[in-house]
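Step one of this worksheet: look at the structure below.
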Amino acid sequence: MIKFYDIILFIGLSGGLMLCSILFFKKTGNKYLGRLLAISLLLITLYFIVYESLLTRLILQVPALYSVAFPFYYLIPPVCYLYVQGKLEARQELKKSDLLHFIPGLLACFDLIPFYLQPESIKFSYILSILDDVTRSHSLKMGFLSPSIHFHLRLIQAFVYLGAQVLALINYNRNVEPEVKLSQQCLRWLTSYTCLVVLIYVNLFVLTLDVDTHLASHKKLSELNGLPMTFIAFSFLGIVLNLFFTPEILYGFNTAPAVMKIESPVKDAVVDLVLMNAQQSTDEEAEVETEKEQALLSPKQLSSFVEKLESQLEQQELYREQKLIITGLAAKVDIPPRTLSYILNTYYQKRYTDFINQYRVNYVISRFEKDDWRGMTLEGLAFEAGFSSRSTFFTAFKKCTGNTPSEYLEQITAMRALA
């Protein structure tokens, strides 16, 4: 008999399959993370499709689905974890070490090899025996381990991964500075996604305890409490609806302001304007120092120093040296430190750290546009550009572009798709 939660689950499964196709084939945003999310939804959908096909006996039309889908259940928790971790760390591809997460699924495949090698008639008889007496689904072996052991192992695995997933979100919210965090909409999505997946597995755990109790007391499984399945159905539907109404995640849409560029017009008129601005300083002490420097520098000298500074920075990429302080830069470009400080404050109207970090951010952006950095992590690229820490890089990047590196990458991908 079709129950209320079966209807809710069917709606969720239909929506899940539609969203999977969108995520797999979209041309905007981070394709790697989009496909990870699609795979997680597809695996959960597969789990419940097999469940519903058993209830409706449609599994008899494709009996191989039962055993083929079995190992994939081990992939749901690690894929969910890798998606959330990847989103928080702005990953663009799977690391080699991430392949270790798929070992349980591979071991489950090896365990079922004897069953896979059986004739189709044996597989059909196995499914038929389960449909005749559902209690056999926990006792009849397909491989070396019984389905009951596999079910309990999957639950243990799920709670380990979900614990790590929750911990990753907590640490991100606690330790990452607000100005470099993902957007509030994105963080709300990751939190709700994690909570709803946790809710699915908590109710699967409750359902498992209920099944074990019924089997131990020789009760019919048709007498199981339907509340856990109702929560599971609504949780999955919640993931689907939440994703549907979060276009930033589903489609990769993101509005990014134009990137700030370092303007460097070396013209006498601009130099004169800079000198005039310097004279209008409201800080009395700074004004005295500015006037002293101005008295020592003619517009022609200032123009010469600016050209020397920019050419040396761009040609020799001096900004890529980590922990490069102003005196170190002054020595490299052969400009007195006090004069260099004056030029930065009046001509560029920037602090030294903002000035040098702008060059580093532009270097990272140029690598993004060339798309030749894919074998590196964002942290590795930041260190190559001259940043000494992840937090400094994220802070500087968002200050210069208005976006986090991952949001900026998604914007580049979106523009390329539309071109």
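Stokes-Einstein D for region 4-250 at 4 °C, 1.567 mPa s, Kirkwood Rh over Cα pairs, in µm²/s?
Working: Rh = 19.2 Å.
This corresponds to a translational diffusion coefficient of 67 µm²/s.
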**Request:** Would you mind calculating the gained length between Ile122 and Arg351 on full extension (0.36 nm times residue separation, minus the Cα-Cα distance), in nm to one decimal?
**Result:** 74.8 nm
**Item:** Phe245-Glu307 pseudo-label distance in nm [points 7 Å out on the Cα-to-Cβ vector]
**Value:** 6.1
**Asked** Which of the peptides 315-323, 94-102, 3-11, 34-42 is most tightly packed, and how do the rest follow, judged by the mean count of other Cβ atoms within 10 Å per residue?
**Response** 34-42, 3-11, 315-323, 94-102
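Would you please put 226-234, 141-149 in order of how densely packed they are, using the mean number of other Cβ atoms within 10 angstrom per residue and starting with the highest? Could you put the intermediate results ahead of the total?
Values: 226-234: 19.1, 141-149: 15.7.
Highest-to-lowest ranking by the protection proxy: 226-234, 141-149.
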**Fill in**
Note to self: Kirkwood Rh of region 349-419, Cα pairs, one decimal, Å, is 12.5
**Request:** Describe numerically, in nm with one decimal, the distance between label points set 7 Å from Cα along Cα→Cβ at Ile149 and at Arg320.
**Result:** 5.5
**Complete:** PRE zone check, label point 7 Å out along Cα-to-Cβ of Ala417, amide N under 11 Å, scope region 10-47, hits 22-32, 34-35
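Ranking request for peptides 191-204, 397-410: highest mean number of other beta-carbon atoms within 10 Å first, then the rest in descending order. Walk me through the intermediate numbers first.
Numbers: 191-204: 19.1, 397-410: 21.4.
Highest-to-lowest ranking by the protection proxy: 397-410, 191-204.
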**Item:** Extension gain, Ser388 back to Met376 (0.36 nm per residue minus Cα-Cα distance, nm)
**Value:** 2.7 nm
**Cross-link pairs beyond the 21 Å C-alpha cut-off, checked among Lys27/Lys399; Lys31/Lys96; Lys95/Lys323; Lys27/Lys87; Lys332/Lys398** = Lys27/Lys399; Lys95/Lys323; Lys332/Lys398
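Each reported figure results from applying straightforward, stated rules to the coordinates on display, with no laboratory input. For clarity, every value in this text was computed on a predicted model and none was experimentally measured. Note that each Cβ is placed from the backbone with ideal geometry, even for glycine, and that neighbours are counted across all protein chains shown.
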